[in-house]
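Take a look at the structure set out below.
The values are calculated or read from the model by the stated rules, or taken from the named source; none is laboratory data. Since we're looking at a predicted model, the values are computed, not measured. As a convention, Cβ positions derive from the backbone with ideal geometry for all residues, glycine included, and neighbour counts pool all protein chains shown. Heavy atoms of the whole protein, side chains included, go into the accessibility calculation; ligands, DNA and RNA do not. Shrake-Rupley method; radii C 1.70, N 1.55, O 1.52, S 1.80 Å.
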Amino acid sequence: MLEAVIVSGVAIGAVYALIGITYNVMYAASRVMSFTSGQLGMLGGVFGAWFILRLGLPVLPGAVLTLSACALVGLATEIVAVRPVLASLEKHLYVLSTLAFALLIQQFVAIEWSTEPQPFPRLLAFGDALIDQKFWLPLAACAAVIVALEIIYRRTLVGRAFLAIAEDGFAARALGLPERRLRMASYALAGVIGGLAGFAGGELMLAFFANGPLLSFYGFVPVALGGLGNNRGAIIGGLLLGLFQQAASFLVGGLFVSVATFVVFIAVLLAAPQGLFGAAAGRRV
Amino acid sequence: MPISAPEADLLEIRGLVAGYGKIVVLHGVDLAVRQGEVVTLLGANGAGKTTVLRALSGLLPRGGGSIRFAGAALPPADPRAAVRAGIAHVIEGHRVFTQLPIADNLLLAGYDLSGATRRARVEEALAEFPELAARRHERAGALSGGQQQMLAVAQGLVRRPRLLLLDEPSAGLSPVLVDRVLTVLRRLRAAGVAVLLVEQLIEKALGVADRVYALARGRVVLEAATDAPDLPARLERAYLGEVSG
Amino acid sequence: MTPTPVWRRALPYLLLLAAAILLPFTGSTYWGVIATRAAIYWVLVAGLNLVVGFAGQLAIGYVALLALGAYTTSVLCARTGIGMVPALAAGGVVGALFGVLVGLPALRLRTFYFAMATLGFATIVTQVALAWTDVTGGGVGVPGPSLPAPFDTPWGFYAACVMLAALATWMTANIAASRFGRALVALRDADVAAEASGIAKAPLFVTVFLFSGAAAGIAGGLFADLQTYITPDAFTFDLSVLFFIAILVGGRGSILGPLLGTLLLTALPEVAAPLVAWSTFLYAALLLLIVLLMPGGIAELLDWRNRRPLTQDRVVLPRPALLADLLPERHRAPALAVRDVRLAFGGVRAIDGLSLDLHAGEVHGLIGPNGSGKTTTLNVIGGFARPQSGSVVLGATRLPQGAPAARARHGIARTFQTPRMVGEATVLDNVMIGGGVTARAGFMEAALRLPRQLREEAALVRRARLALGAVGLDALAAVRCDRLQHSELRFLEIARALLAQPDFLLLDEPAAGLAAPEIHELGALIRALAARGVGVLLVEHHADLIFAICDRVTVLDLGRVLAAGKPAEIRAHREVVSAYLGA
C-alpha cells in the first residue's frame, strides 16, 4: 500500500508543482498572480479529451493542439486581464480581473463541454499497475518542464531577458528590452506549462471543469509556502503536498485531507507570510 | 551632404513637463546638448534631475514639451525608440541583473542587435573595463557596488550611443572608482559621444563637464560654461537661496 | 458645493422600501420568492460589503458562512426542536465566530493570498457538509427551519426578510458614515496614514468580521427556510461569486450601489430565463468589464455631483486665525526627544547615533542631502521604523517602538512625502479620518446611531470644517479627494493631522510641488501653528523656507547630526554648504 501512496502522491504532486511553476512564470514577467493558472491545467485535460477522444486525432497532434490552445489562453490572459490593469494606477485590481477571466473560462467549459467529469484518453500503449502511465506521465512532464526552463533561461537570450524582467523590470526597460512582447511570451509559456500539467495528469484527474479552482488552490499552496517566483520551492512543495494528501487520505480518510491541507496552508502563511524561502517586505513609508 | 550644421544641437528639450501621476516635478525645462559635449545637471534633492533623464529616455511619460534628438522628434514614453535613436540611459543605483553573469548583462544591452554584432560590441565594452572582462562568467551579484556601476556604464556603451545619460554614477563609489568612471567619460567625449550627467559630487562633475545646468523646483535656474569665473557663487545661490539679512 | 441633505441621501432607500412594501399587492408569488431571495442575499452582502467594499479585503468565499448559518439553524431546529428564532441567533453566532476565523488572515496576508484562503475555506465547508453525514445528512441533506406565525406564510416570510434587510441597510449605512467606516476605507487606501491617525487595524477588523459573519450566518438561516430543504449542492461557489460581484458592480465604499447590484444580479437570470445557465458566466463578464472600464461601479455612475467641473486655477488661501478655535490653549507638552538612535536597513546605516529635541511651540527644521536619514528620523518618531538602539522619549515617558497607531494618543501627528489620501472619499471625510482618536463611541453605538455617537460626530464635523478653513480648503469640503490638485493635497494632509489636536506635528516635505505663493502661505501657517503651541518638525528641501521660518535647524549627513543651531548660523556654516553642494 505504501508504494501506491507514494506513486499516486508523487503523480498528483507533480501536477501541483507544474501549476505552481505556471503561477511563477506569470508572476516573474508581471508581478501578477493569476487565478487562471489552475484553469490552464483544467483546459489541458479538457482540450486533450476533446481533440483526441471526441475529434479522434492521434495523440501527438492532439497534444500539440492542446498545448497551443493553452498557450493562446495564456496569451489572452495577458491581453485581457493583465495588461490593462498594469497600465492603470490600481495594479492590485489584477486579483479581480484574473478571477473574472478564470470564471469566464470555467463557466464556458462547464456549459459548452460538460458539468460532469469526462474520460481522458490513454496516451501511450504501455505501462500498467504501479508503473501505469497515469502515474509517471505527470512526473515526466514535470521533469521535462524543469529541463526545458533551465535551457531557456540559461542558454537563450530570450530566456535571460525573462530573468532580467523578473528581477528588475525598470532596469530592463531602460536597456530597451521589449518588455511587453517578453511578457506576452511568458504568458504563452505559462499557458503551455499549465496545459501540460492537465494533459499529463489527464487520466488522473479526468477532463472536468471543476478541476480549475481546485488546481488554482492546490497549485498555489506550494508557491505560497515556497515563496513566490521560486520554482524549486514550487516543485518540492508540490510533491510534498501530493504525498501528504495521499498519505492522509489513506490514513484518516478523504474528508480531513482538504481540512488538513487548508489548516497547514493558513498556519504556515500566518507564521511566514512571505513563504518559507521568500524575502521580507520592503519599507512602507 | 548633411544638412545640419556641425554645431547644431544633438539634443534639444523645450518646455518639458513631467512628473509622477498627479505630482508635476518638471514645470517646463529647456535644455540642449551638443555633439561630443559633457553637460552636467545639478540641483538639490527633488529638483527634478532624475525626472529629466527619465522623461528623456521614455521611462516616464511627458506631460508636455518636445524633445528633438539628432534632428528628429523623439516619441514620448517609448524607451525602445530612445535606445534605437542612440540614447543610452544608465539609471541610478547600479541596477544590474544580479542573477545573471556579467557577460549576459551586457548581451541583454544589445538585445536588438544581430548575434555577431552583439558579441563584438560586448567585447568592445568589456575592453573599457578589464576587471569586468576578467570576471565575465561570474554573476553580477558577486561584484562590488563600484564594479556594478561600471557594469551599468558598460551596458550603456554596448549600443554605441550618441548620447549617454548617467544618473549619479558616483553614488556609493570610492573616489578612485569615481575617477575611473569619469576617465571613461573623457574618452567617450573624445570619441564624439555626448554625455548628460547627473551628479552629486559637484567638483568632480564640473571637472569633466563643458557646461552645467542647475535645476530648482523643476525649472532651470542656471546655465553656464564650467569655466565661468563666478560659477561657485552662482551655484550656492541656486542651491540655498539668497542670503537673507 | 454644499453637502447633500439627509432626506436626499435617504430617498433612494425609501423608494426601494416602498417598492418592497407594495410588491405583495401585485399578488405575484413568483416575484415574491425572488424578492425574498434578494432580501436574504442582501442581508449577507450588506455585511460583506463592509469587508470587501470598505475594508478592501477580497473575501471571495462567503458562501461558506452562508452554509454554516444554514446548517446551524436547520440542524438545531430539526434535531433539538428549539424554535427558529433562537436557532437563527445561534446561526448568527456561528457565522460571526467563523467570520473572524476566516478573516483574521487578512491582518497578515496580501490580497491574493487572502482571496485564496477564503476560496479554500469555501471548498472545505461544502466538503465537510457532504462528509459529516451524522449531523448534516450528507448528500441527502436536512430539512430547513420555519419561522413561527405570522412569518410562516410566503408573504409573512417575505416581510420578515425585508425587515431584516432594511435593518442591515440602516446599520451598515450608519457604520459607513461613522468613524469606523472612514477608518476601514482609510486602512484600504492609505493604511500608513490611517495608522499615523491612530487607527489600529486588528481590533477594527475583528469587529467588522464579527459583524459581517453574523449577518452571513443569519442570512444562511433565512436561506435554509426559503429552500425548505438544504443539501451541500445549494451552496455552490457561484453564490459566492454573486455576492462578491454584486459589491464590485455596485461600487466600493457605497451602500446603495451594492444594494442595487444585489437586486440586479438576483433578478437578472429571472428576467431572461434562457440566461440561467449562463448567469455565472455573465456575472464574471460583468466583473471583468467593471474592473477594466469602470472601477467605481454603479455608485460612481450615480455620483452626478462629482462630475460637475471644479473651478480651475484654484488658490489655497489658509486662514491661520481659525487655529485658535481648533487648537484651544492647553498645557504645553514636555519636549519630545530622540535619544542616540541607531538604525540600519540591511547593512546600510540610515541613522547612526542621532539625538534631537523638539519643543512645544517651536519650528525645528531638519535638512540634509538625500539618504541622510531625514524621513527615517520621522519614521522612528512616528513609530513606523524600529531602531536597533536608542529611544524616543516624551517628557518622562519612553514611547514604544514599532507601534505607529499608538503615537496619535501621545499627541504626535504627521504628514507624508507623497500625500496619502482616500481618493474616493470626500475632502471632509479625509480630514475627519484624523480625528478618530478623540472619539469614544463604540461600533454598535455607531451602527444604532446612539446619542453619544451623534454628539461626537457633530463635534468632529465642526472641527473638520475649522481645520479645512484654517488650511484654506473649506470650499472643497464635499469634493472627492482624487479631484484635488497636488498642492491642495499637501494642505489637506496638514488639516487631517491637525484634527488629532497634536502637540507635535511632523511634516515631511510639505512644500514639495507647491508654487512660490503657496510656499509663502505654508510658511505662515506653520508659524501660526507654532504660535498655538504645536512643536513642528519640518523636513524640507526648500532651503529658503527652512531659513525663513525655523527657530532651529538640524542638518543631517549620513545619519548623523552635522550641525545644529539657529538658521543664520547654519546658513553660514561652511561644512553645511559643502555637504549640500557635495564638494
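Every condition in (1) at the interface with another protein chain (Cβ under 10 Å from one of its Cβ atoms); (2) touching a residue at least 60 places away in the same chain (Cβ under 8 Å) holds for C:G139 except the one numbered (1).
Give C:A46, C:A78, C:A59, C:A90 a once-over and let me know the one that is closer than 28 Å to C:S254 by Cβ and in a helix (DSSP H, G or I).
After ruling out the rest, the residue left standing is C:A46.
Taking the stretch C:497-524 as the range and being outside any loop (DSSP other than H, G, I, E, B), within 14 Å of chain B (Cβ to nearest Cβ) and either of a type in the set (D, E, K, R) or free of Cβ contacts under 8 Å to residues at least 12 places away in the same chain (or both) as the test, the residues that pass are C:D508, C:A516, C:E518, C:H520. Within the option set A:F170, A:F220, A:F208, being within 24 Å of C:M116 (Cβ to Cβ), among the hydrophobic types (A, V, I, L, M, F, W, C) and surrounded by fewer than 24 Cβ atoms within 10 Å (Cβ to Cβ) holds for one residue only, A:F208. Meeting the requirement of 3 or more residues that are open to solvent by 10 Å² or more (accessible area, probe 1.4 Å) and away from chain B (no Cβ under 14 Å), the strands (runs of 3 or more DSSP E) wholly within the stretch C:345-408 are C:348-358, C:389-394.
Per the listing A:I52, A:I6, A:I19, the residue uniquely more than 23 Å from A:A210 (Cβ to Cβ) and out of contact with any His (no Cβ under 7 Å at 6 or more places or on another chain) is A:I6. When A:F256 is tested against (1) open to solvent by 20 Å² or more (accessible area, probe 1.4 Å); (2) more than 14 Å from every other protein chain (Cβ to nearest Cβ); (3) farther than 30 Å from B:A81 by Cβ; (4) of a type outside the set (V, I, T), only condition (2) is not met. When B:A190 is tested against the conditions (1) farther than 21 Å from B:E236 by Cβ; (2) at pLDDT below 90, the lone failure is (2).
Kindly establish whether C:L259 is within 14 Å of chain A (Cβ to nearest Cβ) and part of a helix (DSSP H, G or I). When the stated conditions are applied, C:L259 does not pass them.
Here is a yes/no grid of residues against (1) of a type outside the set (G, A, S); (2) under 28 Å from the mean Cα position of the chain (by Cα):
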{"site": "C:Y62", "(1), (2)": "yes, yes"}
{"site": "C:G69", "(1), (2)": "no, yes"}
{"site": "C:I82", "(1), (2)": "yes, no"}
{"site": "C:A90", "(1), (2)": "no, no"}
{"site": "C:V93", "(1), (2)": "yes, yes"}
{"site": "C:Y113", "(1), (2)": "yes, yes"}
{"site": "C:T118", "(1), (2)": "yes, yes"}
{"site": "C:A122", "(1), (2)": "no, yes"}
{"site": "C:V128", "(1), (2)": "yes, no"}
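Being more than 14 Å from every other protein chain (Cβ to nearest Cβ) and of a type outside the set (F, W, Y) is the filter here, so list the residues in the stretch A:235-253 that pass it.
Of the residues in the stretch A:235-253, the ones more than 14 Å from every other protein chain (Cβ to nearest Cβ) are A:235-240, A:242-244, A:246-247, A:250-251.
Those that are more than 14 Å from every other protein chain (Cβ to nearest Cβ) and of a type outside the set (F, W, Y): A:I235, A:I236, A:G237, A:G238, A:L239, A:L240, A:G242, A:L243, A:Q246, A:A247, A:L251.
For the stretch B:97-112, the tally of residues that are open to solvent by less than 30 Å² (accessible area, probe 1.4 Å), closer than 16 Å to B:V158 by Cα and assigned to a loop (DSSP other than H, G, I, E, B) stands at 2.
Taking the criterion of being farther than 18 Å from C:L44 by Cβ and touching a residue at least 24 places away in the same chain (Cβ under 8 Å), the residues of the stretch C:252-286 that qualify are C:G253, C:E270, C:A284, C:L286. Annotation: B:H94 fulfils all but one of (1) open to solvent by 20 Å² or more (accessible area, probe 1.4 Å); (2) within 23 Å of B:L16 (Cβ to Cβ); (3) part of a loop (DSSP other than H, G, I, E, B); the unmet one is (2). Scanning the stretch C:301-320 for residues being over 30 Å from C:L260 (Cβ atoms) and either open to solvent by 90 Å² or more (accessible area, probe 1.4 Å) or not in a helix (DSSP H, G or I) (or both) gives a total of 9.
Kindly check whether there is at least one residue in the stretch C:325-336 that is within 14 Å of another protein chain (Cβ to nearest Cβ) and open to solvent by less than 40 Å² (accessible area, probe 1.4 Å). No; the residues of the stretch C:325-336 include none that is within 14 Å of another protein chain (Cβ to nearest Cβ) and open to solvent by less than 40 Å² (accessible area, probe 1.4 Å). Would you mind stating whether C:A572 is at the interface with chain B (Cβ under 9 Å from one of its Cβ atoms), open to solvent by 50 Å² or more (accessible area, probe 1.4 Å) and without any contact (Cβ under 8 Å) to a residue 24 or more places away in the chain? The answer is yes for C:A572. Every test in (1) at the interface with chain A (Cβ under 9 Å from one of its Cβ atoms); (2) without any contact (Cβ under 8 Å) to a residue 40 or more places away in the chain; (3) of a type in the set (G, A, S) is passed by C:G81 save one, and that test is (1).
When the stretch B:135-157 is filtered for residues that are out of contact with any strand residue (DSSP E or B) (no Cβ under 8 Å at 6 or more places or on another chain) and either touching a residue at least 24 places away in the same chain (Cβ under 8 Å) or in a helix (DSSP H, G or I) (or both), the ones remaining, listed by number, are B:R135, B:G141, B:A142, B:L143, B:G145, B:G146, B:Q147, B:Q148, B:Q149, B:M150, B:L151, B:A154.
Note on the stretch C:100-198: enclosed helices (runs of 4 or more DSSP H) holding 2 or more residues that are buried (at least 19 other Cβ atoms within 10 Å of the Cβ) are C:111-131, C:154-176, C:179-189, C:191-196. Each residue in the stretch C:430-458 was checked for being of a type outside the set (S, T, Y) and open to solvent by 50 Å² or more (accessible area, probe 1.4 Å), and 10 of them qualify. Within the stretch C:63-87, the set of residues being touching a Ser or Thr at 6+ places or on another chain (Cβ under 9 Å) and open to solvent by 10 Å² or more (accessible area, probe 1.4 Å) comprises C:Y71, C:V75, C:C77. Please indicate, with yes or no, whether at least one residue in the stretch A:94-102 is facing chain C (nearest Cβ under 9 Å), modelled with pLDDT of 95 or more and in contact with a Gly (Cβ under 9 Å, 6 or more places away or on another chain). Checked against the condition, which is being facing chain C (nearest Cβ under 9 Å), modelled with pLDDT of 95 or more and in contact with a Gly (Cβ under 9 Å, 6 or more places away or on another chain), the stretch A:94-102 yields at least one hit.
Just one of (1) in contact with a Lys or Arg (Cβ under 8 Å, 6 or more places away or on another chain); (2) in a helix (DSSP H, G or I); (3) aliphatic (A, V, I, L, M); (4) modelled with pLDDT under 95 fails for C:A470. It is (4). For the stretch A:173-213, filtered to residues that are of a type outside the set (D, E, K, R) and over 18 Å from A:C70 (Cα atoms), the residue that is nearest to the other protein chains (Cβ to nearest Cβ) is A:G176.
Quick one: count up the residues across the stretch C:236-293 that are of a type in the set (D, E) and modelled with pLDDT of 90 or more. Before you say what the answer is, go through the steps one by one.
Step one: list which residues in the stretch C:236-293 are of a type in the set (D, E), which gives C:238, C:270.
Applying the additional criterion that residues be modelled with pLDDT of 90 or more yields none.
So the count comes out to 0.
Could you say whether any residue in the stretch A:138-155 is over 24 Å from A:L204 (Cα atoms) and more than 21 Å from the chain's Cα centre (by Cα)? Can you show your working first?
Keep residues of the stretch A:138-155 that are over 24 Å from A:L204 (Cα atoms), which gives A:149-155.
Then drop every residue that is not more than 21 Å from the chain's Cα centre (by Cα), which leaves A:154-155.
Checked the stretch A:138-155: at least one residue is over 24 Å from A:L204 (Cα atoms) and more than 21 Å from the chain's Cα centre (by Cα).
On the given criteria, is C:V553 within 14 Å of chain B (Cβ to nearest Cβ), assigned to a helix (DSSP H, G or I) and open to solvent by less than 30 Å² (accessible area, probe 1.4 Å)? No, not satisfied.
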